[in-house]
Amino acid sequence: MTKLSGAKLLKNQNIILGFCVLVLVVLCWLSVERPMRFEREQAEREKAVKARLLHIRTAEERYRARKGVYTGDWATLIRAKLLADSLQYVPFSGKERFHLEASFVMGKSGRQVPVMQCGATYDQYLKGLDENAVANLTEKANMGGRFPGLMIGDITQPNENAGNWE
C-alpha cells in the first residue's frame, strides 16, 4: 500500500466518522427537544381549553341563576344565547364536544344541590401529538384518581364549579 492510498483511506474514514458523530449529535438533540416540544404544545393547547371551559362555566352559572338548575344540554345553552355554538367543541380535537353533565347531589343540609361537570380528556385536546406521552399523562392521572384532562365542576359533590387546574 502506498502512502498516497493510505492517506486517502484515512481521509475517507475520517469523513465517515465525522458523519457518524453528526448523526449522534442530531439524535441526542432530538431526544431532548421532543419532550420539550410536547410540553410547549401541551401548555398552548391547555390554555385554549381552559379559556373555553371558563366561558362554559359562566354560561352554566347564568343559566342556573335564571332556572335554578344547571343543564347538561348544549342546545339549551345555545338557544338561551348564553353560549356561542363554537364553544361546545374542544380545541384541537377535530370538532369533538366537551363532555357536559348536570345533576343533583344531597348537600350537607340534606337538600338537593344542583351540580355540573364539563371536561375534555387528554386524548381529545392533545390529538396529533406524541401518543405515548398522552397515554402516560392519562395513566398518571388515572392512577392518582384524577380526571385525565381538564374539567370544571364535579358531578359527585358541590365545588363551586372550580377547574381541576385551579
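Per-residue answers, yes or no, for (1) over 11 Å from the mean Cα position of the chain (by Cα); (2) within 19 Å of ARG97 (Cβ to Cβ); (3) among the basic types (Lys, Arg); (4) not in a loop (DSSP other than H, G, I, E, B):
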| site | (1), (2), (3), (4) |
| --- | --- |
| GLN124 | no, yes, no, yes |
| LEU129 | no, no, no, no |
| LEU137 | no, no, no, yes |
| GLY145 | yes, no, no, no |
| LEU150 | no, yes, no, yes |
| PRO158 | yes, no, no, no |
| ASN161 | yes, yes, no, no |
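Name the residues in region 108-153 that are surrounded by fewer than 19 Cβ atoms within 10 Å (Cβ to Cβ) and closer than 18 Å to ARG64 by Cα, would you?
Within region 108-153, ARG111, GLN112, VAL113, PRO114 qualify.
Can you go through PRO158, PRO148, PRO91, PRO114 and tell me which one is modelled with pLDDT of 95 or more and over 23 Å from ALA43 (Cβ atoms)?
Working: PRO158 fails: modelled with pLDDT of 95 or more; PRO148 fails: over 23 Å from ALA43 (Cβ atoms); PRO91 fails: over 23 Å from ALA43 (Cβ atoms).
Every option except PRO114 fails the conditions.
Kindly indicate whether GLU41 is surrounded by 12 or more Cβ atoms within 10 Å (Cβ to Cβ), acidic (Asp, Glu) and either at pLDDT below 95 or in contact with a helix residue (DSSP H, G or I) (Cβ under 8 Å, 6 or more places away or on another chain) (or both). Don't jump to the end; show me each part of the working.
Details: surrounded by 12 or more Cβ atoms within 10 Å (Cβ to Cβ): yes; acidic (Asp, Glu): yes; either at pLDDT below 95 or in contact with a helix residue (DSSP H, G or I) (Cβ under 8 Å, 6 or more places away or on another chain) (or both): no.
The answer is no for GLU41.
Which one is farthest from ARG52 (Cα to Cα) among residues in region 74-103 that are more than 15 Å from the chain's Cα centre (by Cα) and of a type in the set (Ser, Thr, Tyr)? Reasoning before the result, please.
From region 74-103, those more than 15 Å from the chain's Cα centre (by Cα) are 74-88, 100-103; that's our starting set.
Now restrict to residues that are of a type in the set (Ser, Thr, Tyr): 76, 86, 103.
Numbers: THR76: 17, SER86: 10, SER103: 21 Å.
Across region 74-103, the extreme among qualifying residues is SER103.
Would you pick out the residues in region 62-92 that are among the charged types (D, E, K, R) and in contact (Cβ under 8 Å) with a residue 40 or more places away in the chain?
Matches in region 62-92: ARG64 only.
Read through the list (1) closer than 20 Å to PHE38 by Cα; (2) in a strand (DSSP E or B), then give the number of the only condition that GLU101 fails.
Every condition holds for GLU101 apart from (1).
The values are calculated or read from the model by the stated rules, or taken from the named source; none is laboratory data. It should be emphasised that the depicted structure is a prediction, and the values quoted were computed from it without experimental measurement. Neighbour counts are summed over all protein chains in view; Cβ atoms, including those assigned to glycine, are modelled from backbone coordinates with ideal geometry.
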